[in-house]
1. In the stretch 32-62, which residues are out of contact with any helix residue (DSSP H, G or I) (no Cβ under 7 Å at 6 or more places or on another chain) and under 12 Å from Gly10 (Cβ atoms)?
2. Does Ala64 satisfy the criteria of being in a helix (DSSP H, G or I), out of contact with any Cys (no Cβ under 6 Å at 6 or more places or on another chain) and surrounded by 14 or more Cβ atoms within 10 Å (Cβ to Cβ)?
3. Return the residue satisfying two criteria in turn: it lies in the stretch 7-18 and is open to solvent by 20 Å² or more (accessible area, probe 1.4 Å) and in contact with a strand residue (DSSP E or B) (Cβ under 9 Å, 6 or more places away or on another chain), and of such residues it is nearest to Gln67 (Cα to Cα).
4. Quick one: Ile43 ticks every box in (1) assigned to a strand (DSSP E or B); (2) open to solvent by 60 Å² or more (accessible area, probe 1.4 Å) except a single one, so which number is it?
5. May I ask you to verify whether Glu58 is acidic (Asp, Glu), within 11 Å of the chain's Cα centre (by Cα) and in a helix (DSSP H, G or I)?
Amino acid sequence: MNDIELTITGMTCEHCVRAVAQALEGVPGVSKAEVTLKPGKAIVYGQTNATVLIAAVEKEGYQAEVQG
């Protein structure tokens, strides 16, 4: 299993958190995504790569980058 931590910006409410989580969990190979509003962060579990995850978040209208 490959865990990827992302910093997410642009989220302002719990609706945003759900939208980002659903977008991430819709990526093939993702088994689970834990998204928190404060701090804006996501931990993604599964077999995928950061580029695909970032694109899924950006498609929803938020920004993401690999934490680290």
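The values are calculated or read from the model by the stated rules, or taken from the named source; none is laboratory data. Source: prediction; values computed, not measured. Virtual Cβ from ideal backbone geometry, glycine too; neighbours counted across all protein chains shown. What goes into the accessible areas is simple: the full protein's heavy atoms, side chains included, and nothing from ligands, DNA or RNA. Shrake-Rupley method; radii C 1.70, N 1.55, O 1.52, S 1.80 Å.
1. Within the stretch 32-62, Gly40, Glu58, Gly61 meet the criteria.
2. Numbers: in a helix (DSSP H, G or I): no; out of contact with any Cys (no Cβ under 6 Å at 6 or more places or on another chain): yes; surrounded by 14 or more Cβ atoms within 10 Å (Cβ to Cβ): yes.
Criteria not met by Ala64.
3. Residues of the stretch 7-18 open to solvent by 20 Å² or more (accessible area, probe 1.4 Å): 7, 9-15, 18.
From what's left, in contact with a strand residue (DSSP E or B) (Cβ under 9 Å, 6 or more places away or on another chain): 7, 9-11, 18.
Numbers: Thr7: 6, Thr9: 12, Gly10: 16, Met11: 16, Arg18: 20 Å.
Among them, the one singled out is Thr7.
4. (2)
5. Values: acidic (Asp, Glu): yes; within 11 Å of the chain's Cα centre (by Cα): yes; in a helix (DSSP H, G or I): yes.
Criteria met by Glu58.
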